[in-house]
Amino acid sequence: MMMSKIPQHIAIIMDGNGRWAKEKGLPRIAGHKKGVESIKQIAKKASQIGVKVLTLYAFSTENWSRPEKEVSFIMSLPSVFFSTFMPELIANNIQIETIGNIEALPEKTQEAIAKAKAKTAHCTGMKLCFAVNYGAEQDIVMAMNRLREEKKEGEISLIDLKSALSTSIFGANQNPDLLIRTSGEQRLSNFLLLELAYAEMYFTPVYWPDFTVEAFDKALANYAKRDRRYGGLKEDHVNEN
Ligand code: FPP
C-alpha cells in the first residue's frame, strides 16, 4: 500500500511571535503582524502542493488572559488578513473555514470572518481553517453535550464523537497527518487533542514570523521520511511470522 507523502491535513501551532518581536526590540504586536505574512506564504505553498486542509491555531480559549491591547490587536488581524489576501485566496481556490467559539468574538472580527467565508464559499481547493477562540477540551465537551441530546440513553461510538466535533467539517480529512509547532515549544496546548491521535509531530526552533516556505519544505521532507504504522506493523514486516 503506497501512502501519499504529502500530508492531506496539516495543523500548525504558530508560536513565537512575541519572542521574535522582543528579540528585535519591537512590541509583541509587530510579531503578530509579521506572523500574518508567514500565514500567506505557507497557505499558498500548501495549496499548491495539494494539501487538502491547513488548520492554524490563531487564538486559544486561554489567550484571553493576555493584555487587552494585544488581544484587541489579534482580533483586528482577520479583517486585515482577509482584505489584503482575498484575491490570492480566490486565485488559489482556497476556502476559508473556522473552528472554535466564533460567536464570543468581537462583532467586527465575526463580520470579517463571515465575509471571508462567504467570498470563498465557492472555492473547492484547500480549506484554510483558523482555530479562533478554540480549545479541544471545550470542543469535546460541546460534542458530548450535543450527543447526549441526540442519543438520550444510547451508547456513543467513536464515529459519533468524531462527527460531533467541530473538525467534522473536514470529512475524511478530519485528522491532521502532520502537526507543526514553531518556536521550540513541544506541547499541544489544548489543540485538536482527539484528532491528533496518530499525527506525526514536527517541532522546530524557528519562530513563526521566520517560518518561510524553505522551513516548511524542511518539515515536509521530514514528514515524508516518517514510517506511519497507526499501531500496526511496518509494511515489509507484515508477513514475517
Ligand atoms: C503565538 O505567538 C501567536 C498567537 C497567540 C497569535 C497569532 C495569531 C495570528 C498570527 C493571526 C491570527 C489571525 C487570523 C488571520 C485569524 P506568541 O504570542 O504566543 O509568541 P511568544 O510565545 O513568543 O510570546
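The values are calculated or read from the model by the stated rules, or taken from the named source; none is laboratory data. The structure displayed is predicted, hence computed values, not measured ones. A quick note on method: Cβ atoms are made from the backbone with ideal geometry, for glycine too, and the neighbour counts reach across all protein chains shown. Keep in mind that these areas ignore ligands, DNA and RNA; they rest on the heavy atoms of the full protein, side chains included. Shrake-Rupley method; radii C 1.70, N 1.55, O 1.52, S 1.80 Å.
Between A221 and E23, take the C-beta separation as r, use R0 = 41 Å, and let me know the FRET efficiency to the nearest 0.05. Write down the numbers at each step before the final one.
Values: r = 27 Å, r/R0 = 0.66.
Efficiency, from the Cβ-Cβ distance: 0.90.
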| What is the gain in length, in nm to one decimal, between T212 and Y198 on full extension, counting 0.36 nm per residue of separation less the C-alpha to C-alpha distance? | 2.5 nm
| Ordering I49, I180 from largest to smallest accessible area (1.4 angstrom probe), what's the sequence? | I49, I180
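Between I90 and E111, what is 0.36 nm times their sequence separation minus the Cα-Cα distance? Round to one decimal in nm.
Numbers: separation 21, 0.36 × 21 = 7.56 nm, distance 1.86 nm.
Here the segment from I90 to E111 would lengthen by 5.7 nm.
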| query | Where Lys and Arg each count +1 and Asp and Glu each count -1, what net charge lies around P87 among other residues with Cβ under 13 Å from its Cβ? | reply | +2
| said: I'd like the distance between the alpha-carbon centres of the stretch 67-101 and the stretch 171-241, rounded to an integer number of Å. | reply: 25
| request: Note down the net charge around I29, summing +1 for each Lys or Arg and -1 for each Asp or Glu among other residues with Cβ under 9 Å from its Cβ. | output: +2
| So which lysines pass the test for K34, namely a Cα distance under 21 Å, with those fewer than 8 places away in the same chain ruled out? | K22, K24, K44, K45, K69, K218
| What helices does the chain hold that run 24 Å or longer along their axis, going by alpha-carbon atoms, with a Kyte-Doolittle average of -1.0 or more, using DSSP H for the helix calls? | 28-49, 68-91
| task | Subtracting the Cα-Cα distance from 0.36 nm times the residue separation, let me have the gained length for V141 to I6 in nm, one decimal. | result | 45.4 nm
| said: Quick check: the distance between the Cα centres of the stretch 132-158 and the stretch 34-49, to the nearest angstrom? | reply: 32
| query | Rounded to the nearest whole Å³, what is the per residue volume of the convex hull around the Cα atoms of the chain? | reply | 145
| Hey, could you pull the Cα Rg and Dmax for the stretch 1-139, both in Å? | 15.3, 52
| task | Report the residues of the stretch 128-164 in range of a label on A104: point 7 Å along Cα→C-beta, backbone N strictly under 19 Å from it. | result | 130-147
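What is the ratio of the Cα radius of gyration of the stretch 109-180 to 2.2 N^0.38 Å, where N is its residue count, to two decimals?
Numbers: Rg = 14.7 Å, N = 72, 2.2 N^0.38 = 11.2 Å.
Dividing the Cα Rg of the stretch 109-180 by 2.2 N^0.38 Å gives 1.31.
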| message | Over the chain, what is the relative contact order in percent, taking alpha-carbon pairs closer than 8 angstrom and at least six residues apart? | response | 27
